[in-house]
Amino acid sequence: MNKYQPLTESVFYILLALRKPNHGYGIIQEVKELTDGRIVMGAGTLYGAIQTMEGKNWITVYSEETDSRKKKEYVITDLGRENFRQECKRLNQLLDHAKLMEE
């Protein structure tokens with residue numbers, strides 16, 4: 001059984017961008033849009049994270065073009081979704097606890 005692991009902000013947004021099949025440039029653009037430009041991901045960061053997440057079976061290759069560029073589309077797996085859900089649960093708990101400061 002895989003143990004839940006907290007996500008970095010970049011990994012959180014990559015997984016969110018992969019709720020539907022997406023390729024590298026599309027992921028970068030969607031993360032930028034979702035964060036109103038706060039996170040502008042470089043290719044090295046993205047592909048390093050993709051490699052790590054593939055190794056953990058959180059994402060998988062959805063399709064791959066056979067031309068010279070070999071553009072790949074990735075998509076989140078069930079295991080990736082579960083880890084994402086666990087992270088959302090953790091973040092919600094943090095927010096609930098932060099509200100204690102307002103009391």
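The values are calculated or read from the model by the stated rules, or taken from the named source; none is laboratory data. Worth saying up front: this structure is predicted, and the values here are computed from it rather than measured. Neighbour counts are summed over all protein chains in view; Cβ atoms, including those assigned to glycine, are modelled from backbone coordinates with ideal geometry. Please note that ligands, DNA and RNA were not included when accessible areas were found on the heavy atoms of the full protein model with its side chains. Shrake-Rupley method; radii C 1.70, N 1.55, O 1.52, S 1.80 Å.
How about region 1-49: which of its residues are in contact with a Ser or Thr (Cβ under 8 Å, 6 or more places away or on another chain) and in a loop (DSSP other than H, G, I, E, B)?
Matches in region 1-49: P21, I39, M41.
Restricting to region 1-19, and then to whatever is without any contact (Cβ under 8 Å) to a residue 60 or more places away in the chain and open to solvent by 80 Å² or more (accessible area, probe 1.4 Å), can you tell me which residue is farthest from the chain's Cα centre (by Cα)?
Among those that are without any contact (Cβ under 8 Å) to a residue 60 or more places away in the chain and open to solvent by 80 Å² or more (accessible area, probe 1.4 Å), it is M1.
Give me a count of the residues in region 70-93 that are open to solvent by 90 Å² or more (accessible area, probe 1.4 Å) and over 16 Å from Y4 (Cα atoms).
1
Please enumerate the residues belonging to region 58-80 that are in contact (Cβ under 8 Å) with a residue 40 or more places away in the chain and either polar (S, T, N, Q) or in a helix (DSSP H, G or I) (or both).
If the condition is that a residue be in contact (Cβ under 8 Å) with a residue 40 or more places away in the chain and either polar (S, T, N, Q) or in a helix (DSSP H, G or I) (or both), then S63, L79, G80 are the ones that fit.
Can you tell me which residue in region 26-69 is most open to solvent (accessible area, probe 1.4 Å), limited to those that are of a type in the set (F, W, Y) and in contact with a helix residue (DSSP H, G or I) (Cβ under 9 Å, 6 or more places away or on another chain)?
Y47
Looking at region 38-69, which of its residues are of a type in the set (K, R) and farther than 14 Å from Q5 by Cβ?
Answer for region 38-69, where residues must be of a type in the set (K, R) and farther than 14 Å from Q5 by Cβ: R38, R69.
Checking N22 against (1) open to solvent by less than 40 Å² (accessible area, probe 1.4 Å); (2) touching a residue at least 60 places away in the same chain (Cβ under 8 Å); (3) out of contact with any Gly (no Cβ under 9 Å at 6 or more places or on another chain), only one condition comes out false. Which one?
With (1) open to solvent by less than 40 Å² (accessible area, probe 1.4 Å); (2) touching a residue at least 60 places away in the same chain (Cβ under 8 Å); (3) out of contact with any Gly (no Cβ under 9 Å at 6 or more places or on another chain) applied to N22, the lone miss is (2).
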